[in-house]
Amino acid sequence: MRILIVEDDRTIAEGLRYSLEGDGFEAVLCPDKRSALEQMDREGFALYLLDLSLPDGSGYELCDYIKARWEAPVLFLTACDDEVSVVRGLDMGADDYITKPFRIRELVSRMKRALRQYGKAQAAEESSRIGDVTVYPKQARVMRGQEEIFLTALEYRLLLVLLANRGQVLTRNQLLEGIWDVDGSFINDNTLSVYMKRLREKLEPDGGNHRYIETVRGLGYRLREEGENGK
């Protein structure tokens, strides 16, 4: 899986490439905005890691360029962690914001989470059906016929994780990782149970009878395949 790293500190960039290639990624390095734009126009990437401060521009400018052209996650790498910078980056469409110095395992975990979310949204294409419910990922809307089902942000994120792995059993830990907050705080196990119960009540026609979201005892949960019946 090819990723683009835009980082002007060669030591950091080479260290990232070495570590990420050990995790199965193929990393391309660019030290500045100009070379990054040239590389992007030659080929697409599954994910972009952008330093905010570059010799000839900023990661914000690159993020704008990427989001206008491709459906791919963007993660900012920066030493600047003030609230204004974080909010600006996220408002521009960045998918995560990681401050230096960072732990490589945490970075890889966040990258994989972002890739899963994008991969499933693309696989879902324009919409996905769950019984009589239709999910429109691009509009972040969930409908039953002409009636919209209103989900909280965490309920919606939980639904997307289930959709992204439809038919597969997901452990509670996998679900917790999938709805991990941008700021790095985890939703705890008890809270997950509450949100799963609420999501079922909103999606299922008779209020949470496990028709769509199956509990696999001792393992976790599974969103049933389309057309699959259950009780």
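The values are calculated or read from the model by the stated rules, or taken from the named source; none is laboratory data. These numbers were taken from a predicted model, which means no experiment stands behind them. As a convention, Cβ positions derive from the backbone with ideal geometry for all residues, glycine included, and neighbour counts pool all protein chains shown. Only protein heavy atoms, including side chains, enter the accessible area calculation; ligands, DNA and RNA are left aside. Shrake-Rupley method; radii C 1.70, N 1.55, O 1.52, S 1.80 Å.
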List the residue pairs whose Cβ atoms are under 9 Å apart, where the first residue sits in the stretch 91-113 and is in contact (Cβ under 8 Å) with a residue 60 or more places away in the chain and over 22 Å from Gly22 (Cα atoms), the second is surrounded by fewer than 16 Cβ atoms within 10 Å (Cβ to Cβ) and not hydrophobic (A, V, I, L, M, F, W, C), and the two are 6 or more positions apart or on different chains.
Tyr97/Asp81; Tyr97/Asp183
Hey, can you tell me all the residues within the stretch 201-219 that are under 18 Å from Val142 (Cβ atoms) and at pLDDT 75 or above?
Glu201, Lys202, Leu203, Glu204, Arg211, Tyr212, Ile213
Restricting the stretch 27-41 to residues that are modelled with pLDDT of 90 or more, outside any loop (DSSP other than H, G, I, E, B) and open to solvent by 30 Å² or more (accessible area, probe 1.4 Å), the residue that is nearest to Leu52 (Cα to Cα):
Lys33
Pairs, please: C-beta under 8 Å, at least 6 apart or cross-chain, first residue within 16 Å of Leu159 (Cβ to Cβ) and in the stretch 170-183, second at pLDDT below 60 and open to solvent by less than 40 Å² (accessible area, probe 1.4 Å)?
Leu176/Ile187; Ile179/Ile187; Trp180/Ile187
Taking the conditions exactly as written (modelled with pLDDT of 90 or more and open to solvent by 20 Å² or more (accessible area, probe 1.4 Å)), does Val87 satisfy them or not?
no
Considering only the stretch 93-121, state which residues are surrounded by 16 or more Cβ atoms within 10 Å (Cβ to Cβ), touching a Lys or Arg at 6+ places or on another chain (Cβ under 9 Å) and modelled with pLDDT under 80.
Gln117, Lys120, Ala121
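Considering the stretch 47-59 alone, what residues qualify as being touching a Lys or Arg at 6+ places or on another chain (Cβ under 7 Å) and surrounded by fewer than 18 Cβ atoms within 10 Å (Cβ to Cβ)? So that I can check it myself, show each step before the final result.
Looking only at the stretch 47-59, we keep the residues that are touching a Lys or Arg at 6+ places or on another chain (Cβ under 7 Å), and these are 54, 56-57.
Across the stretch 47-59, the qualifying residues are Asp56, Gly57.
Would you confirm, using the coordinates I've provided, whether Thr191 is at pLDDT below 85, closer than 27 Å to Leu115 by Cβ and surrounded by 12 or more Cβ atoms within 10 Å (Cβ to Cβ)? Full working, then the answer.
Numbers: at pLDDT below 85: yes; closer than 27 Å to Leu115 by Cβ: yes; surrounded by 12 or more Cβ atoms within 10 Å (Cβ to Cβ): yes.
Considered against the rule, which asks whether it is at pLDDT below 85, closer than 27 Å to Leu115 by Cβ and surrounded by 12 or more Cβ atoms within 10 Å (Cβ to Cβ), Thr191 comes out as yes.
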